[in-house]
Structures are given as structure tokens and as C-alpha cells.
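Throughout, read-outs are computed from the coordinates displayed, never taken from laboratory work. Since the structure is predicted, the reported quantities are computational estimates derived from the model, not experimental observations. Here the Cβ positions follow ideal geometry from the backbone for every residue, glycine too, while neighbour counts run over all protein chains shown.
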Amino acid sequence: MTDAVKFLAELSALAESIATSADARDRQRAYGHDVIDQLRALGFWRLNVPVAYGGLGFDHEVLIQAVAIVAKADGSLGQIPQNHFNSVERLRIAGSPAQRDHYLSQIGAGQFFGNATAEPGERYPGEAAAALTPAAEGWRLNGRKVYSTGALLADHISVQCLDETGRACSAIVTRGAAGVTITDDWDGLGQRTTASGSSVFVDTPVSALGVISHPRDPQVSYRISAQSQLLHAAIDVGLAEGALQRAVDLSRHVHGGRGSGAKAFADDVLGIAQLGELVLLAGAARRLTESAARRLAANDAHTELATVLDIFYEVAQAKVLTTRAVLEVSSALFDVGGASSARVGSGLDRYWRDARTHTLHDAVRWKPHSIGLWASQRIVADPWSIGHPYRPYDELLTAHRLARLAAAQEVPA
């Protein structure tokens with residue numbers, strides 16, 4: 001734990017420096033290559049890689065704190081590692097021993113993953129047009145992706161696709177491999193420097209080692225998904241805390257609201273009460289996220305499916321609350337600052353733009369419905385949509401038992 005405390009302290013110190021240049025990067029849409037390297041030197045990209053592969057071996061509690069620290073300083077930089085850390089998790093608990101040896105050792109040496117999952121148009125979970133076809137030396141990958149977060153900067157890209165049997169898998173390719181074209185065409189109003197361009201793969205070679213089949217055991221799928229959702233929650237926690245810090249700073253020197261009769265904001269009773277509400281909301285969002293992280297960290301291959309799903313839904317609760325918190329805090333920041341805070345030069349709009357962009361990642365409005373179905377009827381949401389298509393718990397339990405039986409018999413699941 002001492003090592004974790006030291007790491008987080010060093011990361012917090014680096015984040016202070018990152019924050020001073022975040023507004024400039026956002027305005028100029030400039031990628032933080034130097035910051036990426038500073039994070040690499042600190043060991044950030046390998047923080048959840050097991051020590052045996054050169055990583056720091058930290059658990060989910062440290063992971064979400066680290067991501068929140070970076071997101072608080074710069075919402076775009078906070079977004080980049082989300083898919084990286086989830087690729088590491090997929091390798092860690094679903095990859096073969098040879099895949100772990102090969103890729104986790106490279107990540108342990110400081111390399112990191114970019115992402116290529118989403119495709120043009122809306123597809124159901126597990127569907128993809130990107131596909132692998134057999135080749136003499138392994139496989140060839142063909143497909144087009146959008147929102148390829150981090151792909152412009154990363155060493156490797158994890159591409160969601162289908163294998164020759166139609167089964168969902170992730171293909172790992174190097175950024176500079178033949179047939180890989182990444183276009184810097186992300187023009188979102190927020191999170192401008194996440195390196196989320198579109199990517200095209202034309203007969204890109206993929207080694208046999210680079211194909212990670214997505215697990216058929218629901219216990220594993222929901223563990224991987226829970227971490228993915230938890231990282232999104234951590235990004236929102238960081239953004240909310242960054243906006244809250246700016247609101248508190250403003251409250252110490254701006255004037256009271258018009259009609260308050262107060263010259264200083266400190267004497268604006270309703271303004272101070274609103275600030276207190278923001279503190280409560282951001283604090284509650286962090287605590288629920290931390291609670292979910294602690295429970296997820298206690299998971300392993302032997303955790304009962306029902307327990308994994310309970311944790312999955314606690315993560316979903318955290319995602320709902322962090323979404324509400326970051327949108328409320330980043331908007332109310334302007335209520336504290338007043339009209340002058342809307343000036344472009346203040347840089348305060350970055351928090352709301354980053355929050356509004358990031359919270360569009362999924363339809364959070366469906367999560368309370370999914371949570372209610374699990375609580376009342378033991379009906380389970382899809383692990384990736386956190387909504388439709390739903391399945392009865394008993395059906396998932398049967399699939400889990402069959403997958404474990406097949407694994408015990410060393411038969412492909």
C-alpha cells in the first residue's frame with residue numbers, strides 16, 4: 001500500500017503540471033506527447049499490469065484514483081487510458097499464458113494500447129463489420145472504425161472484430177503495421193485531444209498470438225465490463241472534482257449574485273448553499289465509485305456469478321451518479337463565476353465541454369431501468385450496452401456453468 005500511496009502522490013504532483021497546460025492544449029487542439037512520455041516514465045501505463053510482467057501490480061482502487069487524478073487535470077488525457085487499461089484487463093483475465101507473456105511484458109516496459117471498437121452506425125453488442133480472414137502467417141484484418149481513442153498516439157491498437165467463425169474477438173496490431181491508416185478527424189466540442197480519429201485496416205497482418213477471443217463465460221465478461229464502466233465513472237469523478245475546485249477558487253473572490261444584496265460571494269447565502277450542494281454531489285459520486293472499485297478488486301475467477309453481477313450493478317449505479325454529478329458541477333461552475341466566467345479566456349468551459357462529450361459515451365438514461373430489472377426480477381442487462389438485449393439470470397448461470405465445465409475438460413467453450 002505504501003508503494004501505491006507514493007505512486008499516487010507522484011502522479012498528483014505531475015497532474016498539477018499537466019493542469020497548467022491543459023487549457024492551451026484544448027484551445028490549440030495539441031496532443032500532449034510530452035505528457036504521455038511523463039506518464040510513461042512514472043509507470044502510469046503499467047499500473048494494473050502484474051509485477052511478474054514488469055508492471056506495478058495495483059488493483060482497481062488505485063486504478064480509479066489514478067485515472068481521476070489525470071482527468072481532473074485534463075479531461076482529454078483522462079479519457080485516453082480508459083481502453084488501454086481495459087485491454088490490459090482483458091489480457092490479464094482472458095488471454096492465454098503466451099499472450100500475457102508477450103503483450104503484458106511490452107506494456108510492463110511502458111507501451112500502451114489505443115482503441116478501435118466503434119464502427120459507423122449503431123450496432124448491437126458483439127456485432128462488427130471488421131473481420132479477420134486466414135492468411136499463411138496468421139490473419140488479415142479488414143474494417144473501419146470511428147472514435148479510435150488514443151490510436152494516434154499508442155504503440156498498439158486493440159481492434160474489435162469477428163473471427164472466421166463469427167465470434168467476437170480483439171485483434172492487436174501495431175500502430176505502424178501495414179494497411180493501418182489513422183485519420184485525425186475527431187472534431188468534438190469537448191475532449192478535443194483524445195486522439196480519437198477514425199481508423200481503417202486493409203489486409204493488416206495479425207499474428208495468431210494477437211487474436212484474443214472474447215470469453216463465453218458470463219462471469220468473465222461482466223468482470224471486464226465492470227472495469228470498463230468503472231473507468232468511465234472515474235473520468236467523470238475527476239472532471240467533476242476539477243470543476244468543483246475551480247468553483248471553490250472563484251467563490252473566494254467573485255461578487256455575490258445579482259439580487260442577493262451581497263457584495264462578496266462569501267456573503268451570498270444561496271450561492272454558498274449551492275456550492276455546498278456541489279461538494280455533496282461530487283463527494284457522493286467519488287465515494288460510490290470507490291466502493292465499487294473495492295468490491296471489484298476483491299473479484300477473482302472463483303467469485304460467484306451472482307456476486308459479480310451485484311458488483312456490476314454497483315458500478316452501473318456509480319456511472320449514473322458520476323454522470324449526474326459531473327454535468328451538474330461543470331454547469332453550476334458558471335453560476336458561481338457569473339457572466340465573466342463565460343469568457344473564452346477563463347478556460348472554464350473546458351470542464352463542461354469535456355463532461356458533456358464524455359457522458360454521451362452511452363445512454364445513461366437506461367441504467368436505472370437496468371438496475372431496477374436486476375433488483376426486482378433478476379433480469380440481466382447486456383454487459384456492454386448495460387441495457388438491451390436482456391437475459392434471465394438462470395440462463396446466464398447455465399452458460400457460466402457450461403463454460404466452467406468445458407474449461408475443466410479442456411474443451412473449447
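Worth a mention:
- Over the chain, the Kirkwood radius and the radius of gyration, each from Cα atoms, give a ratio Rg/Rh of 0.99.
- Other residues within the sphere of radius under 15 Å centred on the Cβ of S260, judged by their own Cβ, net out at -1 (K and R +1, D and E -1).
- Integer Hz, Karplus 6.51/-1.76/1.60 couplings in order for the stretch 219-227, x for Gly and Pro: 4, 6, 4, 6, 5, 5, 5, 4, 5
- Taking a ≥ b ≥ c as the square roots of the eigenvalues of the Cα gyration tensor, an a/c ratio of 1.5 or more together with a/b no larger than b/c marks the stretch 56-160 as oblate.
- Between E119 and V146, the built amide H atoms are under 5 Å apart, and every one of these is 5 or more places off in sequence or on another chain.
- Per-residue Karplus couplings for the stretch 79-87, computed as 6.51 cos²θ - 1.76 cosθ + 1.60 with θ equal to phi - 60°, are listed in order as 6, 3, x, 4, 6, 4, 5, 6, 5 Hz, Gly and Pro entered as x.
- Backbone HN-Hα couplings from phi across the stretch 297-310 [Karplus 6.51/-1.76/1.60, Hz, Gly and Pro as x]: 5, 7, 5, 8, 5, 9, 5, 4, 4, 4, 5, 4, 5, 4
- Taking a Cβ cut-off of under 9 Å around L296, the surrounding Lys, Arg, Asp and Glu residues balance to a net charge of 0, with basic ones at +1 and acidic ones at -1.
- Derived from the Cα gyration tensor, the three semi-axes of the equivalent ellipsoid of the stretch 218-408 are 42, 14, 14 Å, largest first.
- In the stretch 2-112, Cα pairs under 8 Å separated by at least six residues give a relative contact order of 30 percent.
- Each Cα pair under 8 Å and six or more residues apart adds its separation to the average, and for the stretch 218-408 the resulting relative contact order is 28 percent.
- A straight Cα-to-Cα reach below 29 Å connects K367 with the lysines K72, K145, K319, residues fewer than 8 places away in its own chain not being considered.
- Using a cutoff of 8 angstrom between alpha carbon atoms and counting only pairs six or more residues apart, the relative contact order for the chain works out to 15 percent.
- Residue with peak Gaussian network fluctuation, the chain [Cα springs, cutoff 10 Å], from P215, P50, P97: P97
- Theoretical FRET efficiency, 1/(1+(r/R0)^6), r = Cβ-Cβ of V344 and H369, R0 45 Å, to 0.05: 0.70
- Leading residue at positive end of dipole, the stretch 2-112 (Cβ point charges), from L56, G75, Y103: Y103
- The mean of 1/r over all pairs of different alpha-carbon atoms in the stretch 2-112, once inverted, gives a Kirkwood hydrodynamic radius of 14.3 Å.
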